[in-house]
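Asks: The structure follows.
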Amino acid sequence: MDARLYWVAFNHVRGIGAVRMRALLERFGTLERAWQAPPEALRAAGIPSRLIEAILEARQRLRLEEIEDALTQQQIRVITWEDEDYPFLLKNIDQPPPVLYLKGTLLPADQVAVAVVGTRQVSAYGRRVTEHLAMVLAQHGVTVVSGLARGVDALAHEAALNAGGRTLAVLGNGVDVIYPPEHQRLAARIGLQGALLSDYPPGTPPEATNFPPRNRIISGLALATVVVEAGEKSGALITATFAAEQGREVFAVPGNITSPASKGTNRLIANGARPLLQPEDVLEVLDLTQVQHQQAVRALLPGNEVEAALLRVMGDQVLSVDEICFLSGLSAEKVLANLAMMELKGLVRNVGGANFTVLREDTSFYVGG
């Protein structure tokens, strides 16, 4: 049986998240052993009684072979922390989701991504900005991430697709449940030019409590989050907060001070978010102006002084992102943006736990070396 099914099994137990999953892995080595462990062993692993009862109930209720068949029939992939293709940027946030369900494809190029989010009641101004922004990002080889919601989210996905780019939609329900229902066709297009993602098991309905955690994944998949329009209590502001906590850039589109849809974005700018005056602002801040060229050539030489500096700092060591930031003196967002591109080019490799190593031994000819 595929070992991922035991990750799926624990994912069905409400209350077993990243912290509990790590505790189980540390105690038992594999989730298969944890799934089969007696109650006293689970208790010794720090699992509280109420969760032990939930695990025992799930063991009786779940039929893993049937779950495997359903996933296969619906063409849903399961990705866990232990998989090499677990999204690079998401793996570098605090407590990333242990399990992701996927319809579509993830490519190495999706490591270079920007989230575009905003209100469901988008204005004509917000529509123009969203479509232009997503189009420019897609034309420069940047994957657009959003949440498939009405308004800004849907416009961002559609503009990226129409520009021939890639887009990822993170859902607050199972990937087999499309919400809102009128986005069925859009979801199908995304599955062909990107992916639908969720950390909720298939069949999970779109409950209100699911969406803040979903927003954390949206920001975690991206180098930066752009909020186009948002009211004072918009979910897009939650995404921006998560992005800031994750050390990612936050951009906000300035708007009319009398417009309710711009109150949230104007407040973000007042609180320190970067004002987005043109789409190229994102590309310049994140050093993404040459993404298409870099992805095409997959050059083995460092493409700029930042890459060269990171290679010199890393040498032949295995270093964490925090250590690389400290030694290089660069911000976390700049280090992550360049590491994503360097991994894409085959210069560095994530060896697990957000630790990186250089793949080339001879660094004497690097720029500035």
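Asks: Per residue, how much space in cubic angstrom lies within the convex hull of the C-alpha atoms of the chain?
Replies: Numbers: hull volume 52.4 nm³, N = 369.
Expressed per residue, the convex hull around the Cα atoms of the chain is 142 Å³.
Asks: Another question about this same structure. Restricting attention to segment 28-114, which trypsin sites (Lys or Arg not before Pro) occupy a DSSP loop and are surrounded by at most 12 other Cβ atoms within 10 Å?
Replies: Numbers: sites: 33, 43, 50, 59, 61, 63, 77, 91, 103; in loops: 63.
Of the trypsin sites (Lys or Arg not before Pro), the ones in loops of segment 28-114 whose Cβ has at most 12 other Cβ atoms within 10 Å are 63.
Asks: How many angstrom separate the Cα center of segment 83-119 from the Cα center of segment 1-75?
Replies: Segment 83-119 and segment 1-75 have Cα centres spaced 23 Å from each other.
Asks: Moving on. Distance in nm between label sites at residue 271 and residue 50, each 7 Å beyond Cα in the beta-carbon direction?
Replies: 3.0
Asks: Another question, then. Check which residues have an amide H placed less than 5 Å from residue 176's amide H, if you skip close sequence neighbours.
Replies: 203
Asks: Continuing with this model, one more query. Quick one: what are the phi-derived ³J(HN,Hα) couplings along segment 193-210, Karplus 6.51/-1.76/1.60 with θ = phi - 60°, whole Hz, x for glycine and proline?
Replies: 10, x, 7, 9, 10, 7, 9, 9, x, x, x, 5, x, x, 7, 4, 5, 6
Asks: Ranked highest first by average number of other Cβ atoms within 10 Å, how do 153-162, 311-320 line up? The partial results should precede the final answer.
Replies: Values: 153-162: 23.9, 311-320: 16.0.
Packing order, densest peptide first, comes out as 153-162, 311-320.
Asks: Continuing with this model, one more query. What list of ³J(HN,Hα) couplings, whole Hz, do you get for segment 99-108 from phi and the Karplus terms 6.51, -1.76, 1.60, once you set θ to phi - 60° and write x for glycine and proline?
Replies: Coupling constants for segment 99-108: 10, 10, 9, 9, 10, x, 9, 10, 10, x Hz.
Asks: Sticking with this one: Using 0.36 nm per residue, how much length does the chain from residue 207 to residue 177 gain when fully extended, once their Cα-Cα distance is taken away? Before the final figure, lay out each step's value.
Replies: Numbers: separation 30, 0.36 × 30 = 10.80 nm, distance 1.16 nm.
So the chain would gain 9.6 nm between residue 207 and residue 177.
Asks: Measuring from a point 7 Å past the Cα of residue 3 along Cα-to-C-beta, which residues in segment 66-101 have an amide N at less than 12 Å?
Replies: Only 80-84 pass the distance filter.
Asks: Once you charge only the Cβ atoms, +1 for Lys and Arg and -1 for Asp and Glu, what is the size of the charge dipole of the chain about its Cα centre, to the nearest 20 debye? List each step's numbers first, then the result.
Replies: Values: 34 positive and 40 negative charges, 169 e Å.
Here the size comes out at about 820 debye.
Asks: Here's a follow-up. Rank these for me by crowding, 175, 282, going from fewest to most other beta carbons within 10 Å.
Replies: Details: 175 28, 282 25.
Lowest to highest Cβ neighbour count: 282, 175.
Asks: If you build the convex hull over the alpha carbons only and average its shadow over all orientations, what do you get for segment 129-266? Give it in nm² to one decimal. Don't skip to the answer; put the middle values down first.
Replies: Details: hull surface 31.0 nm².
For segment 129-266, averaging the hull's shadow over all directions gives 7.8 nm².
Asks: Sort 117, 306, 227, 19 so the one with the fewest other Cβ atoms within 10 Å of its own Cβ comes first.
Replies: Numbers: 117 31, 306 19, 227 27, 19 11.
In increasing order of surrounding Cβ atoms, one gets 19, 306, 227, 117.
Asks: Radius of gyration and Dmax for segment 1-73's Cα atoms, expressed in Å?
Replies: Taking only Cα atoms of segment 1-73, I get Rg and Dmax of 11.8, 38 Å.
Asks: With contacts defined as alpha carbon pairs under 8 Å and 6 or more residues apart, what's the relative contact order of the chain in percent? Spell out each step's value before the answer.
Replies: Numbers: 696 pairs, mean separation 50.2, N = 369.
The value is 14 percent.
Asks: Just want the answer: with Cβ charges of +1 for Lys and Arg and -1 for Asp and Glu, which residue in 177, 163, 109 is farthest toward the dipole's positive end in the chain?
Replies: Of the candidates, 177 comes out farthest on the positive side.
Asks: Figure the gain on full extension for residue 32 and residue 63 (residue separation times 0.36 nm, minus the Cα-Cα span) and round it to one decimal in nm. Could the numbers behind the result be given before it?
Replies: Numbers: separation 31, 0.36 × 31 = 11.16 nm, distance 1.41 nm.
Result for the pair: 9.8 nm of gain on full extension.
Asks: I've got another one for you. Could you work out [θ]222 nm for the chain from helices alone, using -39500 (n - 2.57) per DSSP H run of at least four and dividing by all its residues? Round to the nearest 500 deg cm²/dmol.
Replies: Working: 18 runs with 167 residues, N = 369.
It lands at -13000 deg cm²/dmol.
Asks: Still on this model: Return the long-range amide H neighbours of residue 249 (sequence gap of 5 or more, or a different chain), with a cut-off of under 5 Å between placed amide H atoms.
Replies: The answer is 225.
Asks: What is the spin-label model distance, in nm, from residue 304 to residue 73 if the labels are put 7 Å beyond Cα along the C-beta direction?
Replies: 4.9
None of the figures in this text is laboratory data; all of them are computed from the coordinates on show. A quick note: this is a predicted structure, and the numbers were derived from the prediction, not measured. Using ideal geometry, Cβ is built from the backbone for each residue, glycine included, and neighbour counts are taken over all protein chains shown.
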